[in-house]
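What follows is calculated from the coordinates using simple rules that are stated; it is not laboratory data. As the structure is a computational prediction, the values presented were derived from the model and not from experiment. Glycine also receives a Cβ, built like all others from the backbone with ideal geometry; neighbour counts cover every protein chain displayed.
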Amino acid sequence: MKIRISLIFLIWSSGWVIAQKNEERKPNFIIILADDLGYGDVGFNGSIQIKTPHIDALAKSGVVFTEGYVSAPVCAPSRAGLITGRNQVNFGYDNNLTDALPQFNPEYSGLPVTEKTIADRLSELGYVNGIVGKWHLGEKEQFHPTNRGFDEFWGYLGGGHNYFATEPSGAKYDKPIISNFKKPQPITYLTDDKGDECVDFIIRHKDEPFFLYASFNAPHTPMQATVEDLKLYSHIKDEKRRSYAAMVHRLDVNVGRMVEELRKQGIYENTVMVFFSDNGGPDTNNGSINAPYNGRKGILLEGGIRVPFVISYPKKLKSGIYNKPITALDLTPTFVELAGGKITEKDKLDGVNIFPYITNQIEGVPHETMMWRFTISAGIRKVNWKLIRLPDRMPLLFNLDKDPSEQNNLARENWDLVESMLKELGDWDVSSPHVLFLEGSRWRRNQLNLYDKEYQLEQLKN
């Protein structure tokens, strides 16, 4: 009898320990980053023409951020802010990463080695970290992902890649896929190949806390879609827009594959999934639309920095809509604190843990002031007012509550506000370090001209 009671107690206590371990398991984290995706080109933001059922389902399961921002309107500085939780201007990463100009030392063309990444921080908390896809934070050895906190890397170091197999000739988008843990398979269609790697990462690491940075390049140029996907959008007359829609469709399919694998492995509920774009769509470059917002990639109008943004965490986060400003800089402190770590003032992060805000544990807004600087322009948002400073004209001032499409410049009517916001921007300028590298001068004129264009402010119907 005593043996039987002891056996029952042992079984019960073992089950209790297992249950406790499951209950206390740290959440997994996945960032799904689109590249040059237009704000208006996903279903949950009103797209009728392009269908994104899997991304929309993720949005429905989580929180949609109507005012989700990135820290720069182009790829590399936006990713530098994302990966560190610090505004990249505060460590000299103001420009897009290109070939170093002769007056700059190429040894510094990348994410400074003094900066701690989100992967570094999660590694200290027992996470296995992987990146699949685009890096674009430096190609020299010291900048390599596996030297910046990532255990696994499958992808490419530059800013883009062809979607179909090409010879590794060293041309702009023809560099080979590299990996530190396997011999990369031949490319079939790159978006699908990345999806394969993301699914494989989930399978291999399902029994340990993990962080997966799923860095897609769709729908960034070159505009290359599969024949099958192009047929789905054969009714779109504009060839570039048709290719773009097909590429977004294929991205959506692979988001669905990742969610399906999480469910299959029984870890979906305990996984924090974030979906957003690294910057706004570049309109005519790839056929994207940022409606209802003015502007595009490369400039600080809303269309360049306000992006589709979703966080799903079924175990602890109710579905809904959050209408206050947040930024990609917030992901590092949010992930670290959800994983049981702590962020202090010594970390000098510009992002904040937004989880208490979106779960109503903390009242107010995560950011009353947000600032941007990129080549020829700088911007500041204070509550509902946003100012953009340009070199060849009076400042632009918009009331985003009343004019989210930034059609009415109210600077002349609110000069006291303009002066105070310009002073705050100026104080930031003189407090930030020198830039580590610069883009070629031709980009300055190009970006300034983009402020004078007219942009599509309405969704396409078919």
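Defining a contact as two alpha carbons under 8 Å apart and six or more residues distant in sequence, what relative contact order in percent does the stretch 370-435 show?
Here the relative contact order equals 21 percent.
Of all DSSP-defined beta bridges confined to the stretch 27-368, some 25% are antiparallel rather than parallel.
Maximal additional length on extending the residue 315-residue 66 stretch stands at 87.4 nm, based on 0.36 nm per residue less the C-alpha distance. Pairwise alpha-carbon distances in the stretch 270-357 exceed 23 Å for 36% of all pairs.
Taking 0.36 nm per residue of sequence separation and removing the Cα-Cα distance, the residue 346/residue 285 pair yields an extension gain of 17.8 nm. Computed from point charges on the beta carbon alone (+1 for Lys and Arg, -1 for Asp and Glu), the dipole magnitude for the chain about its Cα centre is near 820 Debye.
When the Cα positions of 364, 395, 447 are compared along the charge dipole of the stretch 348-450, 447 comes out farthest toward the positive end, with charges on each C-beta of Lys, Arg, Asp and Glu. Global dimensions of the chain from alpha-carbon coordinates: Rg and Dmax equal 22.5, 91 Å. Between residue 384 and residue 123, the distance separating the two model label sites (each 7 Å from Cα on the Cα→Cβ line) works out to 4.6 nm. Mind putting together the pair-distance distribution for the stretch 107-237? All Cα pairs, 5 Å bins, whole percent per bin, short to long. Whole-percent P(r) values from 0 Å outward: 2, 10, 18, 21, 18, 14, 9, 5, 3, 1, 0. Close amide H pairs (under 5 Å, H built 1.01 Å from N) link residue 101 with 438, residues at least 5 positions away or on another chain.
Panel order for 390, 436, by other beta carbons found within 10 Å of each beta carbon, from fewest to most: 390, 436. Placing unit charges on the Cβ atoms only, positive for Lys and Arg and negative for Asp and Glu, gives the stretch 88-227 a dipole magnitude near 80 debye about its Cα centre. With both labels modelled 7 Å from their Cα along Cα-to-Cβ, the residue 392 to residue 180 distance reads 4.5 nm.
Computed from Cα positions, the angle between helix 2-24 and the longest principal axis of the chain comes to roughly 10 degrees.
Here the calculated FRET efficiency for residue 227 and residue 446, from their Cβ-Cβ distance with R0 = 30 Å, stands at 0.35, rounded to the nearest 0.05. Distance between the 7 Å Cα→Cβ label points at residue 399 and residue 434: 4.4 nm. With q set to 0.13, 0.16 Å⁻¹, the log10 of I(q)/I(0) for the stretch 370-435, from the Debye formula over equal scatterers at the Cα positions, is -0.33, -0.50.
Here the stretch 306-412 was treated as a single set of alpha-carbon atoms; its pair distances binned every 5 Å from 0 give 2, 10, 17, 21, 17, 13, 10, 6, 3, 1, 0 percent. For the stretch 370-435, the Cβ-based charge dipole about the Cα centre amounts to some 120 debye (Lys, Arg positive; Asp, Glu negative; other atoms uncharged).
The gain in end-to-end length when the residue 206 to residue 410 segment is fully stretched comes to 68.1 nm, 0.36 nm per residue minus the alpha carbon separation. Relative to the longest principal axis of the chain, what angle (0 to 90°, nearest 10) does the C-alpha long axis of helix 239-264 take? Taking the Cα atoms of the chain, the angle to 239-264 is about 20 degrees. Note on 231, 297: ascending count of other Cβ atoms within 10 Å places them as 231, 297, the fewest first. The order of the peptides 398-404, 177-183, 101-107 by mean Cβ neighbours within 10 Å, most packed first, is 398-404, 177-183, 101-107.
Phi angles of the stretch 282-294 translate, via the Karplus equation with coefficients 6.51, -1.76, 1.60 and θ = phi - 60°, into HN-Hα couplings of x, 5, 5, 5, 10, x, 7, 9, 9, 3, x, 9, 7 Hz per residue; Gly and Pro are given as x.
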